[in-house]
Amino acid sequence: DCQSTLTGHSGRVVSVAWSPDGKQLASGSGDSTIQIWDSQSGACQSTLTGHSGPVTQVEFSDAGTLVSASEDGTTRFWDVATGAQKEEMPGEQFTFSKGPSDKQMAGKYVVTKQGDLLLVDLRDTAISSASEKAEQNKKPVAFFRAPAPIQTLQCAGDKIAVGCQNGEVLHLRAAFLVA
């Protein structure tokens, strides 16, 4: 179920991240900006500027700090409440404990992207025989067609954030993910 379509980036969205409390969503774009969205209203709370190249990675390190990386060769730390840059370091990548942005685990489900499709499948560990696995892989539990090719995704409980090539961020909700 698409909760909202968030528009504001002029370049493709290549990274999305949920805040620890799930109330905010950050998106990083090829337009060199980061946008912080209110997940309830869909309103853009702030646009963070400072990178001179496409933003390739965003992640909340805690409720008050967002970390971003860019092709400009920098990693920046931002105060989420004020939008002010706290610190800048050399490096265009950083690592936290989350998985890759093209495949996410959500309970007993796997959420993946394939072109403009978002697919939800049961995890293989819940299926015992090879023939059952082959049959299950033919039929996704659910799917959603995005308005453009999907660049990135992130799950948090029953929420799914999708960054699209056309610059839109989709806020989806799938209650069955936490059932």
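Listed values, structure above:
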{"item": "Qualifying position, being in contact (Cβ under 8 Å) with a residue 12 or more places away in the chain, assigned to a loop (DSSP other than H, G, I, E, B) and open to solvent by 20 Å² or more (accessible area, probe 1.4 Å), among S32, S61", "result": "S32"}
{"item": "D21 surrounded by 14 or more Cβ atoms within 10 Å (Cβ to Cβ) and in a loop (DSSP other than H, G, I, E, B)", "result": "no"}
{"item": "Long-range neighbours under 9 Å by Cβ, at least six apart or interchain, first residue more than 8 Å from W18 (Cβ to Cβ) and of a type in the set (S, T, Y) within region 147-161, second in a strand (DSSP E or B) and open to solvent by 40 Å² or more (accessible area, probe 1.4 Å)", "result": "T152/K113"}
{"item": "Residue within region 73-96 that is in a strand (DSSP E or B) and of a type in the set (G, A, S) present", "result": "no"}
{"item": "Number of the exception - A43 against (1) under 17 Å from the mean Cα position of the chain (by Cα); (2) touching a residue at least 12 places away in the same chain (Cβ under 8 Å)", "result": "(2)"}
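Results for (1) over 17 Å from the mean Cα position of the chain (by Cα); (2) at pLDDT below 95; (3) over 18 Å from A156 (Cα atoms), shown as yes or no for each residue.
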residue: C2; (1), (2), (3): no, yes, no
residue: S32; (1), (2), (3): no, no, yes
residue: T47; (1), (2), (3): no, no, yes
residue: Q57; (1), (2), (3): no, yes, no
residue: G64; (1), (2), (3): yes, yes, no
residue: W78; (1), (2), (3): yes, no, yes
residue: Q85; (1), (2), (3): yes, no, yes
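The values are calculated or read from the model by the stated rules, or taken from the named source; none is laboratory data. Just so it is clear, the structure is predicted and the values come from calculations on it, not from any experiment. When we count neighbours, we look across all protein chains shown, and the Cβ atoms used for this are built from the backbone with ideal geometry, even at glycine. Side chains are part of the model used for accessible areas, which takes the heavy atoms of the whole protein and leaves out ligands, DNA and RNA. Shrake-Rupley method; radii C 1.70, N 1.55, O 1.52, S 1.80 Å.
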